[in-house]
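Input: a single structure, listed below in C-alpha cells.
Just so it is clear, none of the values below were taken in a lab; they were calculated from the coordinates. These numbers were taken from a predicted model, which means no experiment stands behind them. Every residue, glycine among them, receives a Cβ derived from its backbone with ideal geometry; neighbour counts consider all protein chains shown.
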Amino acid sequence: MKESRIAKDLKEREKESKESKEEKKEEKQRDDKVLKESLKDEKFWEEKLVRALKILAPGTALRDGIESILRGKMGALIVVGDNPSVMAACEGGFRIDCEFSPASLYELAKMDGAIILSMDARRIVYANTQLVPNVTTSSTETGIRHRTAERMARQTGEPVIAISQRRGQITLYLGPIRYMLQDIGLLLVKANQALQTLEKYRMVLDKDLISLSVLEFEDMVTVFDVVRVLQRSELVMRIVKEIEGYINELGLEGRLVSMQMQELVGNVENELLLIIQDYGVSPSDKTPQEIRDQLNRWSPEELTDLVAISRCLGYGATAGILDMFISSRGNRILQKVPRLPMGIITNLVETFGDLPSILKASIEELDDVEGIGEVRARAIKNGLKRLQEQVILDQRI
C-alpha cells in the first residue's frame, strides 16, 4: 500500500516536471519566435542601439567603469539585462544584486567570468558567471570572448559588451548588430565634418525653398521643382541622422555638436511634410508621413532618381512628367503668415483648393470662409503680399 502511494507520488511528480518542462519549452519557443521576427526589423534594432549607446556614452557611470578596465589593461564581458533568457544562459558565478559603481565594475572585471547588469545598468546582478549561449547560434567572430558576446546578443536580444584586453577596444553586440565604439577625439572630428557638410547642404536647400516659394506665387511650379526640393530635404535629414548617431555616442561631450545641429536643421522636417501635403496627388492611400517614411527607406542610389520621387508623390513615371506644371495647395505658404491658426489654413485650402485661387480671392471672398472675419481677411491678404515681396527680395540676395 505504502509502495503504491510512493509510486503514485513519483508518477505525479514526473508528470508535473514534464508539464513544467513543456511549458518552459513552449515559452522559450515563443520568445525565440518573437526574437527571430524582431531580428528582421531594422528600425527596431536601430532604436534599441540608440538606447544602448546612451547608456554607454562618455560621462555615464558604465562608461567610466569601462574606461577604468581599459586603463587597467584588462578585458571583460558585460551583459546589460537580466531577463530570463539571459539568466538561462548563465552558469555558476555569484549573485551580488548591489548598486552599480565604476569602481565595483573594475574590481569584478579582475575575475574571469562575465558580469550581468540590470536593464538600466544601475545594479550589478551577477558576477564571475560563465555564459553558455546556444552553440547553433551563428557567429562570425573568432575570439572566444567576442564569439560568446555575439551569440548571447543574438540569442537574448540584450546589449552585450566585449572589452578586448589586447587591442583595448570596446565592441557592443545587440541582436544582429555589431558596433565598435570609437575614440572620443575621432568622433568629434567626424561630427564636425558632418556639421560642415550639413551647413553646405542647408544653404543649397534654402535657395531651392526660396525659388519654390517664388514659383508658387507666380503659379509656375513644375514637378521637377518639387521633387528636387524633396530630394535635397531628404539628404539634409540623412546627414542629421548621422550626426545624431555621433551625439548619442559622445554623450556629454556632444552637447555643443547638438546645439549647432539644431540651429542648422531648423524646421526642415516640417517643411518636407508640408511640401508633400501641398503636392501629393489627391486622393491618395498614403499620408504625407507615410510618403516621407518611404523616401527615408530608399537607398542613396534610389534617391537620385527624380522620376521615382515623382511616382512616390503619385504623378506616374512618364518621360515628360518632370516638366508638368502643378499648383500648390498653399499649406506651406499659409503657415508663414503671422497669427494664422491651423484650423483657418485648413478651411482656406478646402474652400479654394490651391494657392493661386487663395491669392486671387478678394477680401469679401476670404471673409466668407468659416472662421474668417473682415479684419482677418484683410490681414491674410496683406500678409501674403508682404510674404511675396520678401521671397522675391531673398531670391535676389
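Hey, if you put +1 on the Cβ of every Lys and Arg and -1 on every Asp and Glu Cβ in the chain, which of Ser164, Ile380, Ile326 ends up farthest toward the positive end of that dipole?
The listed residue farthest towards the positive side: Ser164.
Based on Cβ point charges of +1 for Lys and Arg and -1 for Asp and Glu, what charge dipole magnitude is obtained for the range 329-397 about its Cα centre, in debye rounded to the nearest 20?
The dipole of the range 329-397 has a size of about 440 debye.
Out of these labelled values of Kirkwood radius over Cα pairs in Å, (1) 24.2; (2) 22.9; (3) 25.7, which was calculated from the coordinates shown here?
(3)
Order by neighbour count: Ser327, Ser85, Ser299, fewest other Cβ atoms within 10 Å first, most last. All intermediate terms of the calculation are to be shown ahead of the outcome.
Numbers: Ser327 16, Ser85 19, Ser299 7.
Least crowded to most crowded, the residues run Ser299, Ser327, Ser85.
Using r as the Cβ-Cβ distance of Arg167 and Val204, and R0 as 51 Å, what FRET efficiency do you calculate, to the nearest 0.05? All intermediate terms of the calculation are to be shown ahead of the outcome.
Values: r = 41 Å, r/R0 = 0.81.
Given R0 = 51 Å and the Cβ-Cβ separation, E is 0.80.
Placing +1 at every Lys and Arg Cβ and -1 at every Asp and Glu Cβ, with all other atoms neutral, what dipole size does the range 46-181 have around its Cα centre, in debye to the nearest 20?
Roughly 380 debye for the range 46-181.
Counting other C-beta atoms within 10 Å, which of Arg178, Arg51 has the fewest, and how do the rest follow?
On the way: Arg178 16, Arg51 13.
In order of increasing Cβ crowding within 10 Å: Arg51, Arg178.
Can you give the charge dipole size of the chain about its Cα centre, rounded to the nearest 20 debye, using +1 on the beta carbon of Lys and Arg and -1 on the beta carbon of Asp and Glu?
On the way: 57 positive and 63 negative charges, 331 e Å.
I would put it at about 1600 debye.
Can you pull the one-decimal nm distance between simple spin-label points at Val375 and Thr197, each 7 Å off the Cα toward Cβ?
Using points 7 Å along Cα→Cβ, the separation is 5.1 nm.
Past the 24 Å Cα-Cα mark, which pairs from Lys336/Lys360; Lys54/Lys241; Lys48/Lys73; Lys200/Lys241; Lys43/Lys73?
Check vs 24 Å cut-off fails for Lys48/Lys73; Lys43/Lys73.
Given the range 329-397, what whole percent of its Cα pairs are spread farther than 15 Å? Can you show the working numbers first?
Values: 1145 of 2346 pairs.
The calculated P(r) of the range 329-397 puts 49 percent of pairs beyond 15 Å.
Can you list residues whose amide H is under 5 Å from Gln169's amide H, if they're 5+ apart or on another chain and H is modeled 1.01 Å from N?
It is Ser164, by chain and number.
Just to check I understand the Karplus step: with θ = phi - 60° and J = 6.51 cos²θ - 1.76 cosθ + 1.60, what whole-Hz values come out for the range 80-95, glycine and proline as x?
9, x, 10, 6, x, 5, 6, 5, 5, 9, 9, 10, x, x, 9, 7
Can you put Asp285, Asp354, Asp293 in order, fewest other beta carbons within 10 Å first?
Neighbour counts put them in this order, fewest first: Asp285, Asp293, Asp354.
For the range 62-169, run through the trypsin sites (Lys or Arg not before Pro) and keep only the ones in DSSP coil with at most 14 other Cβ atoms within 10 Å of their Cβ.
Lys73, Lys110, Arg122, Arg166, Arg167
Hey, rough spin-label estimate for Phe44 and Asp285, points 7 angstrom out along Cα→Cβ, what's it come to in nanometres?
Between Phe44 and Asp285, the simple spin-label model gives 2.5 nm.
Using modelled amide H (1.01 Å from N, peptide plane; none on Pro or chain starts), what sits under 5 Å from the amide H of Phe100, excluding residues fewer than 5 places away?
Under 5 Å from the amide H of Phe100: Arg123, Ile124.
Positive end of the dipole of the range 183-325, charges at C-beta (+1 Lys, Arg; -1 Asp, Glu), about the Cα centre: which of Leu205, Leu235, Leu186 has its Cα farthest in that direction?
About the Cα centre, the residue reaching furthest to the positive side is Leu186.
Expressed as a rounded percentage, what relative contact order does the chain have, with Cα pairs under 8 Å and six or more residues apart?
Averaging sequence separation for qualifying contacts and normalising by length gives 12 percent for the chain.
Using only alpha carbon pairs under 8 Å that are at least six residues apart, calculate the relative contact order of the range 46-181 and give it in whole percent.
So the answer I get is 25 percent.
How high is the relative contact order of the range 329-397, in percent, counting Cα pairs under 8 Å that sit 6 or more residues apart?
30 percent
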